[in-house]
Amino acid sequence: SAVISQKPSRDICQRGTSLTIQCQVDSQVTMMFWYRQQPGQSLTLIATANQGSEATYESGFVIDKFPISRPNLTFSTLTVSNLSPEDSSIYLCSVDPQETQYFGPGTRLLVL
Amino acid sequence: SQKIEQNSEALNIQEGKTATLTCNYTNYSPAYLQWYRQDPGRGPVFLLLIRENEKEKRKERLKVTFDTTLKQSLFHITASQPADSATYLCALRMDSSYKLIFGSGTRLLVRP
């Protein structure tokens, strides 16, 4: 299993600013995943982050808008840039050490 | 097009009854299917995994079936309790991919 923490748990941001979300895992993992969950919707994968390489982004998500860092095997950050109200969502990080995915508690973002 | 469908309407049942949730998919050939529970304000929590060559899996009060001909999985909670009230998500993984693809979830309400 894996225990994941995220910071911040929630934030309210102004349009045009950026928010960086941190994800910390209690064990070393190869891949870390970032998801977005919009209100009433399911989880949509934003990107997969491997340590030592560029993140792999899903269709509809670009690096300029969602830059990701993965400096080591237990930590990753997701930045949501140039915020607009449409970015209001829950952002979750996840790891997948043995076929099952473990999720962090999520970061709830509200953009005004 | 590829779709994963879960009943968007909430399932409302009496305590003690069996809850049955459905996950249907089209144009996927999953290697396995997973069920997750999500409580408000929290990340999903893994419940059960069932592989393409398995018909049924059980864990305590939970049972999952997987019919690759019908392209359907059923998730059962027997002797349901109010504490089982949550949103339940199904997710597919293809053999060729590390990615999980999530359905939109079904909210379960168990009345005391």
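The values are calculated or read from the model by the stated rules, or taken from the named source; none is laboratory data. Please read these numbers as outputs of a predicted model, since none were measured by experiment. Glycine gets a Cβ as well: all are built from the backbone with ideal geometry, and neighbour counts include every protein chain shown. We work out accessible area using only protein heavy atoms, side chains counted, and drop any ligands, DNA or RNA first. Shrake-Rupley method; radii C 1.70, N 1.55, O 1.52, S 1.80 Å.
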- Out of (1) more than 13 Å from the chain's Cα centre (by Cα); (2) basic (Lys, Arg); (3) not in a loop (DSSP other than H, G, I, E, B), what's the single condition that is false for B:Lys17? (3)
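One line per residue, one yes/no per condition, for (1) part of a loop (DSSP other than H, G, I, E, B); (2) within 14 Å of another protein chain (Cβ to nearest Cβ):
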site: A:Gln28; (1), (2): yes, no
site: A:Met32; (1), (2): no, yes
site: A:Gln41; (1), (2): yes, yes
site: A:Leu45; (1), (2): no, yes
site: A:Thr48; (1), (2): no, yes
site: A:Ile63; (1), (2): yes, no
site: A:Phe66; (1), (2): yes, no
site: A:Arg70; (1), (2): no, no
- Query: List the pairs whose first member sits in the stretch A:7-28 and is in contact (Cβ under 8 Å) with a residue 40 or more places away in the chain, whose second member is small (Gly, Ala, Ser) and open to solvent by 50 Å² or more (accessible area, probe 1.4 Å), and whose Cβ atoms are under 7 Å apart, counting only residues at least 6 apart or on separate chains?
  - Reply: A:Gln24/A:Ser5
- Note on the structure: Taking first residues from the stretch A:58-75 that are buried (at least 16 other Cβ atoms within 10 Å of the Cβ) and of a type in the set (Phe, Trp, Tyr) and second residues anywhere that are modelled with pLDDT of 95 or more and in a loop (DSSP other than H, G, I, E, B), the pairs with Cβ under 8 Å that are 6 or more apart or on different chains are A:Phe66/A:Ser81
- Task: Name every residue in the stretch A:88-112 that is open to solvent by less than 10 Å² (accessible area, probe 1.4 Å) and acidic (Asp, Glu), in order of residue number.
- Result: none
- Task: Would you list the strands (runs of 3 or more DSSP E) that sit entirely within the stretch B:57-112 and hold 2 or more residues that are open to solvent by 20 Å² or more (accessible area, probe 1.4 Å) and basic (Lys, Arg)?
- Result: B:106-111
- Message: On the basis of being in contact with a Lys or Arg (Cβ under 7 Å, 6 or more places away or on another chain), open to solvent by 70 Å² or more (accessible area, probe 1.4 Å), farther than 22 Å from B:Leu47 by Cβ and away from chain B (no Cβ under 14 Å), does A:Gln22 make the cut?
- Response: yes
- Message: Cβ contacts < 7 Å: first residue touching a residue at least 40 places away in the same chain (Cβ under 8 Å) and under 14 Å from B:Gln72 (Cα atoms), restricted to the stretch B:86-108; second residue open to solvent by 60 Å² or more (accessible area, probe 1.4 Å) and in a strand (DSSP E or B), any location; separation 6+ or different chain. Result?
- Response: B:Gly103/B:Glu5
